[in-house]
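Written below as structure tokens is the structure these notes are about.
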Amino acid sequence: MIDISVKNLTKFFVIGENLLEDFSFEVQEGERVAVLGRNGCGKTTLFKILTGEMDYDSGEVFINPHKKIGLISQIPRFPAGYTVEQVLRSAFGPVLKVKARMEELENVMALGATREQLQEYDALTARFQAAGGYDMDVQTDKVCNGLGITPQQRCQEFDSLSGGEKTRMNLARLLLEKTDILLLDEPTNHLDLRSVEWLESYILSFKGTVLMISHDRYFLDRVAQRVIEITDGHAEFYSGNYSFYIDEKQARFDLQMKQYEQEQAKLKQLGYTVERMKGWGINNRTLYRRAMSIQHRMERIKKTERPKTEKTMKATFGQKDFSGDVVFKMKNVSKAFSERTLFSDVELSVEGGERIALLGDNGTGKSTFIKCLLGEEDCTGKIQFGPTVKFGYLPQIIHFDHPERTLYDTMLYEKNCTPQVARDRLGAFLFQGEDVFKTVGNLSGGEQSRLRLCMLMDEKINLLILDEPTNHLDIASREWVEAAIEEFEGVLLFVSHDRYFIEKFAERIWLLEDGKIRDFKCGYSKYRSILDHEAAQKQPEPSQPKPKKEKPKGGTKEVEKLIRRLEREIEKQEQLVAQLDEKILASGADYQELTRLLGEKEEAETVLMDLMEQWETAQENM
């Protein structure tokens, strides 16, 4: 069954320049499809057209009318004062209406119930259970735990959150809505590694259809079943994940280039023959007619277009020679804000040539650690650099002192270079023509990162510190940054949630967790296997035995005894669930403890539901 069908779609913003032109594709029910292409090629525009947020100029768009579609980049407006918890609860709108009506009937029936009221209540109860009403709390806790949404955040007002936090909360709401078709526009942005891994697991088990835009290559390899690439407004199809797409795209390029070169060689040879025969045919009409015949054949030959090679940025990091063994040392370094300790008693030593990834969940203090290292934040302890160390730093949040200046002026003033050198350096970073006269403040996040890298790469450094260097960059730009880093021979220290980037460069990993930094002197794959082994070593909590369903042996007294006993067990089980709820609220900052408690609560609620079923059966036998 087709869930999404687009035929001959055309969309333009400037007349004569089509963003999408005769764009066609289909997505079958249950498929997980990635939409790739350079920034600005029309990916997000396509998603807005699919949800009806944006109109199009021609073509046909079909969405299965029996399916519910959700777009993560659309953040609905909520009433002033709405908390995150209320936003999450809005995912259960229809279920909550049923619950409200059930509560109304309960209040009415407390004074005496009619047959009609009992029938309505039974029907509502069945609807509530079928819609997952009894699992609302468990599902909400699971999703929030997976996406790293703490109990404290759930109490915050939604409007007080940052754009990234709103996107994360909206992703949680969308997952709770049980949407049939998910449109995910950069879903891994603003998520830490643990949350990204959880989202991967969720999507892999999701029964519906997924259409996703992402620059996270590791995520695409794990999740995508096929790829649609937008190239010059048209769709190119690849029947595999990201790695398949890369290999197949190169193979197609090579084949097209080979065909082009063969055709050009043939046409060149025929052209040479035509010219010679025309010369010979001045006094020989037969030779002249044959020459014209060959020329007409050349014109009829279907010519292969020369495959386009994408523009690439050509620049490398300037490097300063390093003398000595130790680049920097940290001894008893600690940092705290009020009563919260980010890290304490850190002792680390870094030598020349090392490549280190600093990992950890969002909010653990990775960026603060970098700022302490660079002296931008105060901390206790001792940090000592080698005498010839000079560092270059790319922060996560790019800031320019004069955002009103153009790119050209920024290079002239801040790098103190000649006009020609400024032009050459900007050109190497694909800022060409009129682009150099854009104001810095009007650049996108990716363009600002590119400009800051342009300024950074000219400096002579031997310690390169990067905080989320691939944020806001499309895949082509990420690959260019990686190519530049590969040429850098100094020490590399970086913070990143891009597992593809981490796996490529990290030879040593620092994990910031629970206020401590664990030092893994290995790459990402071995680091993951160590953590997986440690998790497997931990013995799981013994699950509660499921109570056996008992049938009364006979007689009203036996049934009454069974009902009373079941009511006592139900009361105990409800108290256990309530205690677990209190523990869950108290453990919001401890991911592992929260995961364990949520598992216990799910088991306890299963036992409670089983006891309730036995109680209902016993009531029927009265």
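Below is a table of values for the structure above.
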item: Rg and Dmax of the chain, Cα atoms only, in Å; result: 31.8, 125
item: Full-stretch length increase - Glu404, Glu116 - with 0.36 nm per residue and alpha-carbon distance subtracted; result: 96.6 nm
item: Label-point gap, in nm, between Glu560 and Glu534 - each point 7 angstrom along Cα→Cβ; result: 6.0 nm
item: Electrostatic dipole magnitude of the chain [Cβ: Lys, Arg +1; Asp, Glu -1; Cα centre; debye, to 20]; result: 2480 debye
item: For Thr83, distant residues with modelled amide H under 5 Å away; result: Phe158
item: Fraction of beta bridges assigned by DSSP in the chain that are antiparallel (%, nearest 5); result: 55 percent
item: Lys382-Lys526 FRET efficiency (beta carbon distance; Förster radius 35 Å; 0.05 resolution); result: 0.70
item: Calculated FRET value between Phe12 and Ile570, using beta carbons and R₀ = 45 Å, to 0.05; result: 0.10
item: The chain, accessible surface, carbon-and-sulfur percent (1.4 angstrom probe); result: 48 percent
item: Cα gyration tensor, region 383-432 - rounded (a/c under 1.5), prolate or oblate; result: prolate
item: Amide H contacts under 5 Å for Asp185, placed H, 5+ residues apart; result: Ile72, Ser73, Ile213
item: Inverse of mean 1/r across different Cα pairs in region 469-511, Kirkwood, Å; result: 11.1 Å
item: Electrostatic dipole magnitude of region 198-347 [Cβ: Lys, Arg +1; Asp, Glu -1; Cα centre; debye, to 20]; result: 1360 debye
item: Coil-residue trypsin sites (Lys or Arg not before Pro) of region 423-485, DSSP, other Cβ within 10 Å capped at 16; result: Lys438, Lys460
item: Ordering of 497-506, 224-233 by burial proxy (mean other Cβ atoms within 10 Å per residue, highest first); result: 497-506, 224-233
item: Length gained when the stretch Ser338-Asp55 is fully extended (0.36 nm per residue, less Cα-Cα span); result: 96.8 nm
item: Farthest positive-ward along the chain dipole, Cα basis, beta-carbon charges - from Ile282, Thr179, Pro387; result: Ile282
item: Cα-centred dipole magnitude for region 38-94, charges only on beta-carbon of K, R (+1) and D, E (-1), debye, nearest 20; result: 220 debye
item: Charge tally in the Cβ shell below 12 Å around Val108, where Lys, Arg are +1 and Asp, Glu are -1, Val108 excluded; result: -4
item: Sequence of Ser162, Ser449 when ordered by accessible area, the most exposed leading, probe 1.4 angstrom; result: Ser162, Ser449
item: For Asp519, solvent-accessible area (1.4 Å; no DNA, RNA or ligand), Å²; result: 60 Å²
item: Shape box of region 191-254 [Cα atoms, principal axes, largest first, Å]; result: 38, 22, 18
item: Amide H partners (placed H, <5 Å) of Lys390, local residues excluded; result: Asn462, Leu463
item: Segment Thr231-Lys516, length gained on full extension (0.36 nm per residue, minus Cα span); result: 97.9 nm
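The values are calculated or read from the model by the stated rules, or taken from the named source; none is laboratory data. These numbers were taken from a predicted model, which means no experiment stands behind them. Cβ atoms come from the backbone with ideal geometry, glycine included; neighbour counts cover every protein chain shown. Protein only, heavy atoms only, side chains kept; ligands, DNA and RNA dropped before computing areas. Shrake-Rupley method; radii C 1.70, N 1.55, O 1.52, S 1.80 Å.
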